[in-house]
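See below for the structure under consideration.
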Amino acid sequence: QKEVEQNSGPLSVPEGAIASLNCTYSDRGSQSFFWYRQYSGKSPELIMSIYSNGDKEDGRFTAQLNKASQYVSLLIRDSQPSDSATYLCAVVMIKAAGNKLTFGGGTRVLVKP
Amino acid sequence: GAGVSQSPSNKVTEKGKDVELRCDPISGHTALYWYRQSLGQGLEFLIYFQGNSAPDKSGLPSDRFSAERTGGSVSTLTIQRTQQEDSAVYLCASSLARGQMWETQYFGPGTRLLVL
């Protein structure tokens with residue numbers, strides 16, 4: 001089992017719709033969770049961080065965390081073609097040698113006009 | 001302030017040559033990561049430096065790969081006797097890394113390595 005798992009996609013959504021991305025993680029002790037966006041040929045950039053159970057909203061983005069289910073999701077409302085990118089889920093894993101940020105493989109999102 | 005910088009931005013080398021990739025993190029950031037990303041793939045963790053602690057080298061794919069971080073700042077990733085499968089984008093990131101609650105991890109622009 002991978003430490004952080006995501007559906008690779010592509011997730012195809014029509015413009016204006018809601019894109020829903022899911023991520024599961026293996027370490028029950030993890031406390032910090034992040035969503036990064038990566039455009040093709042570019043470096044990842046942080047779009048959301050979440051630390052507590054529940055929802056966290058920032059503009060058109062909402063992150064949802066359920067630690068009991070070891071599940072974190074990202075919703076993109078009113079999807080735009082400019083949202084087309086790969087979305088990376090990242091989780092701080094508790095390791096004996098020290099905490100480490102671990103990335104999932106990413107979900108590719110395509111927003112069609 | 002300045003972000004994470006990496007050099008060179010592109011590197012073409014011949015199989016068997018050694019290469020050095022440089023990362024200059026954001027000033028004051030104690031944590032520094034190296035990742036590798038092959039075309040169309042996710043981020044592959046390579047090595048992690050945190051302050052003065054021994055680095056976490058668990059992601060290095062072979063003993064041809066090594067990295068150092070001098071003075072808790074600049075880091076160099078060295079690949080010896082490069083192979084064609086080493087071709088990838090090498091990304092560096094840094095963060096403040098305060099305890100369990102992590103600050104944003106900022107990525108550099110990457111070095112695109114092509115081994116012929």
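The values are calculated or read from the model by the stated rules, or taken from the named source; none is laboratory data. Values in this document were obtained by computation on a predicted structure and should not be read as measured data. Positions of Cβ are backbone-derived with ideal geometry, glycine not excepted, and every protein chain shown enters the neighbour counts. For accessibility, only protein heavy atoms count, side chains too; no ligands or nucleic acids. Shrake-Rupley method; radii C 1.70, N 1.55, O 1.52, S 1.80 Å.
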- Message: Checking the condition open to solvent by less than 50 Å² (accessible area, probe 1.4 Å) and within 12 Å of chain B (Cβ to nearest Cβ), which residue from A:Ala90, A:Ala63, A:Ala96 passes?
- Response: A:Ala90
- Query: Among A:Ser79, A:Ser40, which is the only one that is in contact with a strand residue (DSSP E or B) (Cβ under 8 Å, 6 or more places away or on another chain) and surrounded by fewer than 16 Cβ atoms within 10 Å (Cβ to Cβ)?
  - Reply: A:Ser40
- Query: What's the number of the condition A:Asp78 fails, among (1) assigned to a strand (DSSP E or B); (2) of a type in the set (Asp, Glu); (3) touching a residue at least 60 places away in the same chain (Cβ under 8 Å)?
  - Reply: (1)
- Message: Tell me whether the range B:90-107 contains one or more residues that are in a loop (DSSP other than H, G, I, E, B), surrounded by 13 or more Cβ atoms within 10 Å (Cβ to Cβ) and acidic (Asp, Glu).
- Response: yes
- Pairs, first farther than 16 Å from B:Val4 by Cβ in the range B:32-43, second modelled with pLDDT of 90 or more and open to solvent by 40 Å² or more (accessible area, probe 1.4 Å), C-beta under 6 Å, six or more apart: B:Gly42/A:Gly105
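Conditions tested, residue by residue: (1) facing chain B (nearest Cβ under 10 Å); (2) under 18 Å from B:Glu44 (Cα atoms).
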position: A:Ser26; (1), (2): no, yes
position: A:Ser32; (1), (2): yes, no
position: A:Ser73; (1), (2): no, no
position: A:Gly104; (1), (2): yes, yes
- Message: Can you pull out every residue in the range A:43-53 that is open to solvent by 50 Å² or more (accessible area, probe 1.4 Å), modelled with pLDDT under 95 and either closer than 19 Å to A:Ser8 by Cβ or in a loop (DSSP other than H, G, I, E, B) (or both)?
- Response: A:Tyr51, A:Ser52
